[in-house]
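Take a look at the structure below.
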Amino acid sequence: MKHGSSSPIILLLSRVLSPYIMLFGMYVIFHGHYSPGGGFQGGALLASSIILIRIAMEEKVHQLHFNKDYGIPLGAIGVLIFFGVGFIALIMGGYFLDYGLLPFPGMITAELRFYGILLIEVGVGLAVMTILVSIYDNLLEEDDDESI
Amino acid sequence: MHWELELVLYIFLVISAVVSLHVKDLLTAVVSLSVFSYILAMLFVSMGAIDVGFTEAVVGAGITGVLYIVMIFRTTRKSND
């Protein structure tokens with residue numbers, strides 16, 4: 001996993017398959033309103049596409065793909081989007097996650113609910129993707145400290 | 001779904017669960033657990049819970065298998081003490 005696979009079949013398959021898994025994850029996130037799926041499933045699909053590259057390729061390539069230092073900060077931003085949208089609705093006088101009261105100018109209530117749910121799902125997907133990838137990174141990272 | 005196909009899926013579900021519990025090699029157990037998870041996802045879809053089946057297929061058959069395999073590669077067969 002640190003040094004990559006030597007088989008050309010594994011390298012070619014993971015390189016070809018990973019962008020399509022990522023595209024399907026984006027589709028699942030952005031169509032979460034009216035089809036099965038949503039933020040959690042789409043985020044797990046995005047994470048699995050990144051982990052596929054991490055298993056197959058050597059370390060230089062997958063650090064270019066998604067740097068391990070970005071994991072925790074992007075997850076925090078995702079949680080912040082989720083709770084930010086919820087608390088903005090709470091401050092404007094509704095319940096928690098009451099999308100109809102979000103202060104976006106020039107939109108009717110149906111559009112407000114549409115974009116509110118979209119923001120929530122993008123936040124959940126971002127948090128799930130980065131936290132799953134950083135769990136994988138932390139599992140491999142302790143190898144360097146203990147091996148002598 | 002036809003009940004014959006569901007019966008076949010249930011039989012393979014039980015077989016994969018028993019194999020993953022009783023097999024000696026840990027890598028075989030992980031692969032058999034992924035097979036269990038995927039068959040369970042198909043059964044969820046056939047019962048009408050598409051969302052649950054989707055989550056089971058992505059998390060149970062994808063992410064957990066990778067994490068288990070990474071943990072198995074970090075262990076050794078003999079202890080260092």
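Pairing chain A with chain B buries about 1400 Å² of accessible area. This figure sums both sides and uses a 1.4 Å probe.
Suppose the chain between A:E58 and A:I135 were pulled fully straight at 0.36 nm per residue; how much longer would it get relative to their current alpha carbon spacing?
Full extension from A:E58 to A:I135 adds 25.9 nm.
In a DSSP loop and with at most 12 other Cβ atoms within 10 Å, the chymotrypsin sites (Phe, Trp or Tyr not before Pro) in segment A:85-135 are A:Y95, A:F96. Normalised per residue, the accessible area of the protein assembly as shown is 62 Å², obtained with a 1.4 Å probe and no contribution from ligands, DNA or RNA.
When Rg and the Kirkwood radius Rh are both evaluated on Cα atoms of segment B:3-73, their ratio Rg/Rh stands at 1.02.
Here r is the Cβ-Cβ distance between B:S79 and B:H2 and R0 is 45 Å; the resulting FRET efficiency, rounded to 0.05, is 0.30. For the pair A:N67 and A:M26, label points projected 7 Å from Cα toward Cβ lie 2.2 nm apart.
When chain A is treated as a Gaussian network with alpha carbon springs shorter than 10 Å, the biggest mean-square fluctuation among A:Y34, A:Y20, A:Y70 belongs to A:Y34.
Both numbers refer to the Cα atoms of chain A; Rg and Dmax are 18.6, 63 Å. Quick one: with all protein chains in place, what share of the accessible area of chain A is carbon or sulfur, to the nearest percent (1.4 Å probe)? Carbon plus sulfur share of accessible area: 71 percent. With springs connecting C-alpha atoms under 10 Å apart, model chain A as a Gaussian network and identify which of A:V85, A:V28, A:V16 has the largest mean-square fluctuation. Comparing A:V85, A:V28, A:V16 in the GNM, the peak value goes to A:V16.
For chain B, a simple Cβ point-charge model (Lys and Arg +1, Asp and Glu -1, everything else neutral) yields a dipole of about 460 debye relative to the Cα centre. Mind checking which of A:P105, A:L74, A:A44 is farthest towards the positive end of segment A:8-143's charge dipole, using Cβ charges of +1 (Lys, Arg) and -1 (Asp, Glu) about the Cα centre? It is A:P105. If you build a Gaussian network model of chain A, linking Cα atoms that sit under 10 Å apart, which residue out of A:G123, A:G42, A:G93 swings the most? In the Gaussian network model the winner is A:G93. Note on segment A:1-76: Cα-Cα pairs beyond 22 Å make up 30% of the total pair count.
The values are calculated or read from the model by the stated rules, or taken from the named source; none is laboratory data. Quick caveat: nothing in here was measured; it's all calculated off a predicted structure. Glycine gets a Cβ as well: all are built from the backbone with ideal geometry, and neighbour counts include every protein chain shown. What goes into the accessible areas is simple: the full protein's heavy atoms, side chains included, and nothing from ligands, DNA or RNA. Shrake-Rupley method; radii C 1.70, N 1.55, O 1.52, S 1.80 Å.
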